[in-house]
Each structure stands twice: as C-alpha cells, then as structure tokens.
Amino acid sequence: MYIGVDYYPEQWPKTRWAEDVRLMKELGINVVRIAEFGWQLMEPEEGVYDFSLYDEAIELLTSNGIKVVLGTPTATPPAWMIHSYPEILPVDENGVTISFGARRHYTVNSGKYHQFTKKIVTKMAEKYGQHPDIIGWQVDNEYGHEKSDRSYGALDRAAFQCWLKEKYQTLDELNQQWGTVFWSQTYTDWSQIPTPRKVYQEHNPSLLLDFDRFCADAYTAYNKLQVDILRSIVRKDQFITHNFVFTDQAINQWDMSKDLDFVSFDNYPVWGGLAEPIKPAAIAQQHDLCRSAKGGKNFWVMEELSGAQGWSRIGYLPRPGHIKLWTYQAISRGAEAIVYFRWRAAQFGTEEFCHGILDHDGLPKRKYEEVKEVIQELKTFGDEWINASYEAEVAAYYDIENAWAWGIQPQSDAFAYKQEFLRFYRPVHSANVLTDLVTAADDLARYKAVIVPIYFLTNSEFTEKLKQFVSNGGTAILSYRAGVKEENNFVTGQTLPGALSEFTGIQIHEYESLQTSQQNMVVGIKGTIKGQESTATIWCDLIEPTTAEVLAEYKGCFYEGTAAITKNSFGKGTVYYIGTALEDAMLDGLYDDILAEAQVDTFKTNGEVEVVKRGQFYSFLNHSTTETTPVKLPDGTWKTAATNELVKGELMLKPLQAVVLINE
Ligand code: GLA
C-alpha cells in the first residue's frame, strides 16, 4: 500500500532535500505528491518551460525508491499570466473581480485559461508521462474550494446562456421551466439572462439551481479537458485522480469522477478556527461519499491531516493518537492509500501555520514517531486490509442537487444541509452499521434499509426506485420536507408529501419553520421511544396519517397531539416519516427499533467507539480524548492484525486508541 507525504521541494533550499529524503526513508514512506502549485517554476514566462527543479527533485526521490504523484498546477495561475490576461480572473456575486495573490483565482469559463491549461498539461505529460517511477497524476487541487465554485463575470454569463440554450432549446421552454412570468422576468432574448449577481431580494430559485448545475458542468468539462490530454499522452498505468473536498459547493463529484481512475480526498477532521474536530460520524460520512462517488471503489486520501492547520487562525492541535485514529478510520472505510499533509510546515506564505509531520525546524518529533508507528503496523497487514471488501447493509441517499436546492432555500436560519444530513445518518454510524451513500443511479436491491434525509428536491428516477425497494420488502426512513420540490425546483401542486403521500401513508396540510431560537417538543407513544421526549427544532411537519401508524406526537405547541413520527406498510416493506429535527437520543431509540425490524446487524459500543468491518478486519476506533472504554467482543477468535496476538472477551480501548483485529 502507498503511504506518503505532500512535499514542496520548491519551498526549501536544494541543500535540504537530501536530509528530507533520508528522513522520509527512515519513516518508511514510499510516495510523495509534488508540483500541484508549481506553475510559475515550470513556465516562468509565457511559452517558456523549465522543469529543472522538479527533474532534480524527482531524480533524488525516485533514486531512493520513493514514487511520485504529480499535480497539474492549474489552481495557481502565475502573475505574468494574470497580468497579461486579467479576464482569467473570477468575479464574485457582487461583481468584484477576485484579485491575484492567493490561489484558485481563475474562472473555468475562460477560453484563454483553457489554452494555457492545455499547454502546461501537455508539456508536463510529454515530460513525465513515461517516467517509470511517476505513478500518477492529480489534476488541479480541490476544485471549487474556498468559494471558487461560482464565478459571475462576463465570460461566465455568456457561457451560462449557451448552457441554457443547450438545455432548453427555446426561450419559451426556459420561461416555462423557470416560471419567469413571476415579477415580469420573462426573457425575450438569451443575452438578457443574468448570472445571479446581487439583487435587492432573492433570485428565481430555478435560475439559481440551473446556475449551480452550470457551474458544476463547467468544472466537470474543465477537468475532462485535462484528463483527456493526460490520457492521450501518458503511460496507461499512470493513474489520474483529483483531490476532492466534499462540501455542498457547485461541484458534482459524481459526474467528475466518471473521468477519473479513482477519487482522492483531503481529510481534515479539524481545520482553521474550529475548536474541536468534527464528529466521527461526519468524518465517516465523508469517506462514504468518496466511495459513493466512484461506485464503491477504493479511494486515496491525498491529504491526511498530520498537524494543526490554519491561515491567520491556527486550529485545534491534534492529540497524540489522532493521526493514527483518523488514518485507520479512512482505511477501514475504503481508503487504499494515505498521503499525509504536509511533510514540513512552510516558513513563508499564506500557509505558514499549516503544520505537517515536521514543523518549521525540520526535526523529527512526536508526529514523526506516530506516523512511523502507523507505517510499521500497516507494513504487516495493510495490503490485505485495503483489499478486503466493505459490505454495507444500509444506504443513505445523497443528491448534490438536493444540497444545492437547500442551499438556495434553507427555509430556517437553523438549517444547514450537512448538519441535517448528518442528523439522520449519525444514528446508523453510532450503531456501527456499515453505510453506503447512494444516488438515483445506484441499485438499492442489496440494502436492507435506505435513509432519505431531507428529500426536498425530488428525483423521479430515485422516487420510483425507492418505492420498488420498499414494496419488495425494504425499509425506508424519510425526514421532514420530503417531496416538496419537482426537478425544475417548482413546489409540487399536490398535497405534501406530494408523490410520496401514498408511499408514506400520510398527508401534510400545514408545517412550521422554526428559527434557531425556537423549539417544540415531541413525545414518543410507541416502541423504544415510548414516553421519551425530545426537542423538535428547525422544522415541524404537521402529519395527518392516512394509512400510517403514529409513533410520536408533538407537545407544547398549538398542534399538540399531532403526529410527528409515523410508520407505514407499503407492499412487503415499511416507510418511516420523521416530521422534525429530533435530538440524538430519540433518534437512536427510534433507529434501534427500525434496524432491528429490518434485521440489520448492529455492533453496539459505549461512548465514542467506532467499529468498522472490512472483510475479516475489524477496526476499533476510540474517538474519545479522555475516556478509556471496554468493548465486549462477540464470540469467535479474535487476533490483533499487527502482531497476531489472541484477544479474549473484551478489548480495553484507551483514549484515541485505534486497534485492528482479525476475526477468524
Ligand atoms: C487543502 C489544500 C492544501 C492546503 C491544505 C491546508 O486541503 O489542498 O493545499 O491548503 O488544505 O490544510
């Protein structure tokens, strides 16, 4: 298995390189990623190419047995280029042109930028495409990150209008599909259509959703431009990937991944001003996203956090054990290679305080020793582990367009898509049930249960698949605001939940949006949650069951006694509807009943212990920084994967301890 570091030789005197390579070899790494920000060095002026620095670095690294992944440097267009071709710069929604001076300062809709991209990628491919120790390519860096996913300049507007013409063919169709008769917005010429720049109120939701689709398509096309050039020149076994960040930006990771050999991911459980790492379930969900984006295939973590990160605010300091814990979590959920960010903290530039395995003094210390321990352990069982299969029994529906629709209309100031998706995903994570994230394109037949959180923007293909899945005996869990919007982002004219009414056995004639300061209560009336109470926040659907039975009701509001959670039989299966945002405790109780009835295997643990099965390998991950936690092992023979020692009955996990056992 590949375990490596992100290395920036251009940021250090060449006299330091040999020591870096000596320490890397001692650490046991076998791959580095370089050059993703090296455009100026490779093309110091227009049309003049100089690869000498990377030639030397690659020679030193590969002659010491370290393989190389090359980045195409298109996240950092050089000053000379921007100076001569300022139209490359992106424009924000207020019409402000983004300045040179940081990174990602280009619009994908600039034909000039495409030309420069083609030249530099072609030159690099011709230079390194046959090199025996260059194993692959990372195209660009974190597309769309740091608000670079949408640009609103003249070039973007013209490209958007072309995209719309392609999609709708006629203005009548566009006006129809957007409902432009509203507020006299009917377009009589394509050139009248704006990008959603600043307005006093809010833009038409259908225009906004199409703009996100357009931005995502433009990035997918830009990525493909680079991939096609590389594929046409480099050796067939040099892989091509991209290091995604999975946020709800206007990037469609699923579309883009079709052109890549596998997905890569930058795993930062904590960054910048965050005082605490994100929840273990949130990290796990990201890994599930990586697999989902490429049909369940293994992925690379191209940037695995090793030190505190931040620009002008330095974030949380990972504790002893965090590097190993987060590395093992990633591998247990489908990562097949780990590349740590970064080898050594830079002494200059915006990211001086993005710390690495080595800090500014370049001396090997705590983090270096922790990574060494990880590499030594993985040398004993890593290859087997990464080839072991990850078999999920439960899926969660994740549609990036639904995330965009929510981003356009969150409807409550307490709503955030990632937070609410996680609310309904987390209970399966804490029951240590393996999950996949699925889209409308995926087959649901192999799952026992499918969670469909906040299914606001519907997808008719998925709705049909879900109904089929349940009528064949599956279990579906829906949450509030399901079935509201049709694919053109119009609100359905049917009584809510629209096309899902018969399926859920309910009708919703009223609903209430709750802001951050507001809450109602819910009381359980059936099953494990009977008598249990929970706050009801963010949204309350006032459910009227038609065929469904009621599992919980609202309390302490004018609709006290109205159904809040229901259960309906549909065909041979069952559909649950959770009409509000509940607290974790009640969701855990409810999911216990649902998973038991759906005969889904759970692995109950105390505290913050995550258990992930991958083939015969079980990783036990204690995310608590303070609690030592016992884990009762099910019957059978358990051995430590690293040392083959027998483990009987119970595993005592220290704070942040990560242990992999083999179950025979
Ligand atoms: C990202 C980028 C890196 C660097 C790190 C800092 O993931 O890809 O270039 O900015 O974050 O943590």
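Just so you know, all these numbers are worked out from the coordinates, no wet-lab data involved. Worth saying up front: this structure is predicted, and the values here are computed from it rather than measured. Heads up, the Cβs are rebuilt from the backbone with ideal geometry, glycines too, and the neighbour counts pull from every protein chain shown.
Side notes on the structure shown:
- For the chain, the relative contact order comes to 10 percent (Cα pairs under 8 Å, sequence separation of at least 6).
- Of the trypsin sites (Lys or Arg not before Pro) found in segment 564-664, those that fall in a DSSP loop while having at most 14 other beta-carbon atoms within 10 Å are Lys572, Lys604, Lys648.
- Anisotropy class of segment 394-597 from Cα gyration tensor, a/c 1.5 cut: rounded
- With the charge dipole of the chain set up from +1 on Lys and Arg Cβ and -1 on Asp and Glu Cβ about the Cα centre, the Cα lying farthest toward the positive end among the listed residues Met42, Ile120, Phe558 is that of Met42.
- FRET efficiency, Thr628 to Val96 (Cβ-Cβ, R0 60 Å, nearest 0.05): 0.70
- Sorted by Cβ neighbour density within 10 Å, fewest at the top, the residues Cys557, Cys162, Cys540: Cys162, Cys557, Cys540
- Segment 1-99: GluC sites (Glu not before Pro) in DSSP coil with no more than 16 other Cβ atoms inside 10 Å: Glu46, Glu93
- Amide H contacts of Ala581 (H built 1.01 Å from N, in plane; Pro and chain starts excluded): Thr537, Trp539 sit under 5 Å, all sequence-distant by 5 or more or on other chains.
- Translational diffusion coefficient of segment 338-382 (Stokes-Einstein, Kirkwood radius from Cα pairs, 25 °C, 0.890 mPa s): 216 µm²/s.
- For a straight C-alpha distance cut-off of 17 angstrom, the aspartates and glutamates reachable from Lys648 (same-chain residues fewer than eight places away being disregarded) are Asp635, Glu664.
- The helix-only estimate of mean residue ellipticity at 222 nm for the chain, built from DSSP H runs of length n ≥ 4 each weighted as -39500 (n - 2.57), is -10000 deg cm²/dmol after division by the residue total.
- Full-extension gain in nm, Trp80 to Ala18, via 0.36 nm per residue minus C-alpha separation: 19.1 nm
- When only Cα pairs below 8 angstrom with a gap of at least 6 residues are kept, segment 394-597 shows a relative contact order of 20 percent.
- FRET E, pair Ala499, Glu544, Förster distance 22 Å, beta-carbon r, rounded to 0.05: 0.80
- Around the amide H of Leu496, modelled in the peptide plane, lie the amide H atoms of Ile508, all under 5 Å away and 5 or more residues distant in sequence or on another chain.
- Farthest positive-ward along the chain dipole, Cα basis, beta-carbon charges - from Tyr328, Ala441, Leu378: Leu378
- Classified by the C-alpha gyration tensor, segment 502-632 has an oblate form. Its axis ratio a/c, with a ≥ b ≥ c, is 1.5 or above, and a/b does not exceed b/c.
- Total formal charge among the other residues, if their Cβ is under 11 angstrom from that of Thr492, Lys/Arg +1 and Asp/Glu -1: -1
- Under 5 Å, built H, 5+ apart or other chain: amide partners of Leu478: Val452, Tyr576, Tyr577, Ile578
- Using a Förster distance of 35 Å, the FRET efficiency for Gln468-Lys418 (Cβ separation, nearest 0.05): 0.75
- With at most 12 neighbouring Cβ atoms within 10 Å, loop chymotrypsin sites (Phe, Trp or Tyr not before Pro) (DSSP) excluded, longest segment of the chain: 349-557
- Dipole check for segment 394-597: with +1 at the C-beta of Lys and Arg, -1 at the C-beta of Asp and Glu, and the Cα centre as origin, the magnitude is about 300 Debye.
- Fully extending the segment from Arg197 to Thr535, taken as 0.36 nm per residue of separation minus the present Cα-Cα distance, adds 117.9 nm.
- Each residue of segment 563-570 was assigned a 3J(HN,Hα) from its phi angle through the Karplus expression (A = 6.51, B = -1.76, C = 1.60, θ = phi - 60°), giving 5, 10, 9, 10, 9, 10, 8, 9 Hz with x at Gly and Pro.
- The convex hull built on the alpha-carbon positions of the chain has an orientation-averaged projected area of 29.8 nm².
- Neighbour cut-off at most 11 other Cβ (10 Å), DSSP loop, GluC sites (Glu not before Pro), segment 163-223: Glu202
- Distance in nm between pseudo-label sites at Lys112 and Asp133 (7 Å out along the Cβ direction from Cα): 4.0 nm
- Contact order for segment 343-473, expressed relative to its length and based on alpha carbon pairs under 8 Å spaced 6+ residues apart, stands at 24 percent.
- Per-residue ³J(HN,Hα) for segment 400-408, Karplus 6.51 cos²θ - 1.76 cosθ + 1.60, θ = phi - 60°, Hz, x for Gly and Pro: 4, 5, 5, 4, 5, 4, 5, x, 6
- Computed from backbone phi, the HN-Hα couplings of segment 245-262 come to 10, 9, 10, 8, 7, 7, 10, 9, 4, 5, 4, 5, 5, 4, 8, 9, 6, 7 Hz, rounded to whole numbers (Karplus: 6.51 cos²θ - 1.76 cosθ + 1.60, θ = phi - 60°; Gly and Pro given as x).
- Net lengthening on full extension, Ile278/Asp172 (0.36 nm per residue, minus Cα-Cα): 33.5 nm
- A crude spin-label estimate for the pair Ala154 and Thr380, with each label 7 Å from Cα along the Cβ direction, gives 6.6 nm.
- The charge dipole of the chain, taken about its Cα centre with unit charges on the Cβ atoms of Lys, Arg (+1), Asp and Glu (-1) only, comes to about 880 debye.
- Label-to-label distance, nm, for residues given as Glu461 and Arg446 (7 Å Cα→Cβ offset): 1.9 nm
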